[in-house]
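**Q** Can you keep this structure in mind? I'll have questions shortly.
The values are calculated or read from the model by the stated rules, or taken from the named source; none is laboratory data. These numbers come from a predicted model, not from an experiment. FYI the Cβ positions are ideal-geometry reconstructions off the backbone, even for glycines, and counts take in every protein chain you see.
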Amino acid sequence: MYCFHIKVFAVTASFRIPESHTFQQSLPLPPPTTLTGLMGAAMGLSFESAVRFRESNGLHFGVAGTHRGVFKDLWKYRKIKSKAVITDVLLREYLTDLEMSLYIASESRLTVSQVRASFLSPCYALTAGNSDDLLKIRNVSEIIDINEIPVADFQQTILPGNHVDNYNPLANLEHLPITESIRSPQVYLLPTAFEFKGKERRISCREHFTFVGSSVTLKKPIPGIRINDEAVVLL
């Protein structure tokens, strides 16, 4: 399998949990659908075309990253109620100073080369969620040949499936700085496939994903890759 990785940074980012409304909580990292949309923006594809491209070319994504803090912003918006347009407010959660490593892999070197070229010269501005959250590309690596291996130690990444009963925490609270936050793994049921009909998009499949924060060791290792001391699973 062939792979390259991208180092990115965003001053602010927000990856809204699907179907949240008045309080739009952010996921700590972009889920697979967001990564698909990001690739589509770089390649100049619509979201539907990006989904088709990923499926037909067997593309896999991996992600790892950290942020320095979280804040909430109040939004005023318009909505239709009883045929009348009224204003309302919602609360949206944002991450600050987000730094991520994005991994893109496929069995086809030609496909990986095509995607890599698009990130070297994106068709559209890349964002970390909202259109205002611009994403800066700091580095695009060369393409390398990789093999998946059993991996047990993870931190600040996304794992497929529910692993809440499959880990032991590594953090030793006695030796951690008082300013460092501890985040236990969180599991979310997220969309992974869609049915498209014109401009309409409906979710056709959902899967569980475990968002790992602080370091953990899985009781049962899972296939993953390790590059530059960073371990991720290809989703």
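**Q** Within segment 197-220, restricting attention to residues that are of a type outside the set (Lys, Arg) and not in a strand (DSSP E or B), which residue is farthest from the chain's Cα centre (by Cα)?
**A** GLY198
**Q** Which of the residues spanning segment 74-84 are among the charged types (D, E, K, R) and either outside any strand (DSSP E or B) or surrounded by 14 or more Cβ atoms within 10 Å (Cβ to Cβ) (or both)?
**A** LYS83 - this is the single residue of segment 74-84 that is among the charged types (D, E, K, R) and either outside any strand (DSSP E or B) or surrounded by 14 or more Cβ atoms within 10 Å (Cβ to Cβ) (or both).
**Q** Right, next: Checking SER181 against (1) assigned to a strand (DSSP E or B); (2) under 21 Å from the mean Cα position of the chain (by Cα); (3) at pLDDT below 95, which test does it fail?
**A** All conditions pass for SER181, except number (1).
**Q** Please verify whether ALA152 is closer than 19 Å to LEU35 by Cα and either in a strand (DSSP E or B) or among the polar types (S, T, N, Q) (or both), treating the condition exactly as stated.
**A** no
**Q** From SER26, SER20, grab the single residue that is modelled with pLDDT under 95, over 16 Å from SER101 (Cα atoms) and surrounded by 15 or more Cβ atoms within 10 Å (Cβ to Cβ).
**A** Criteria check complete, one pass: SER26.
**Q** Going by what's in this entry, would THR157 be described as β-branched (Val, Ile, Thr), under 21 Å from LEU29 (Cα atoms), at pLDDT 95 or above and surrounded by 11 or more Cβ atoms within 10 Å (Cβ to Cβ)?
**A** Yes: the conditions hold for THR157.
**Q** Next question. When ALA50 is evaluated against the numbered criteria (1) part of a helix (DSSP H, G or I); (2) without any contact (Cβ under 8 Å) to a residue 12 or more places away in the chain, which criterion, by number, is the only one it fails?
**A** (2)
**Q** Within segment 47-73, restricting attention to residues that are surrounded by 13 or more Cβ atoms within 10 Å (Cβ to Cβ) and among the hydroxyl-bearing types (Ser, Thr, Tyr), which residue is nearest to ARG183 (Cα to Cα)?
**A** THR66
**Q** Looking at SER56, SER131, SER82, SER121, can you tell me which residue is closer than 14 Å to PHE15 by Cα and free of Cβ contacts under 8 Å to residues at least 12 places away in the same chain?
**A** SER131
**Q** Please enumerate the residues belonging to segment 81-125 that are out of contact with any strand residue (DSSP E or B) (no Cβ under 7 Å at 6 or more places or on another chain), modelled with pLDDT of 95 or more and of a type outside the set (Ser, Thr, Tyr).
**A** GLU107, LEU110, GLN114, ALA117, PRO122, CYS123
**Q** Counting only residues that are at pLDDT 95 or above and in a loop (DSSP other than H, G, I, E, B), which one in segment 129-145 is nearest to the chain's Cα centre (by Cα)?
**A** LEU135
**Q** Is it the case that THR96 is assigned to a strand (DSSP E or B) and either among the basic types (Lys, Arg) or without any contact (Cβ under 8 Å) to a residue 12 or more places away in the chain (or both)?
**A** no
**Q** Now for a separate question. Across segment 1-41, what is the number of residues that are within 27 Å of LEU90 (Cα to Cα) and part of a loop (DSSP other than H, G, I, E, B)?
**A** Within segment 1-41, residues that are within 27 Å of LEU90 (Cα to Cα) and part of a loop (DSSP other than H, G, I, E, B) number 14.
**Q** Further question on the same structure: Look through PRO28, PRO32 and report the one residue that is over 21 Å from ARG201 (Cα atoms) and touching a residue at least 12 places away in the same chain (Cβ under 8 Å).
**A** None of the others qualify; the one that does is PRO28.
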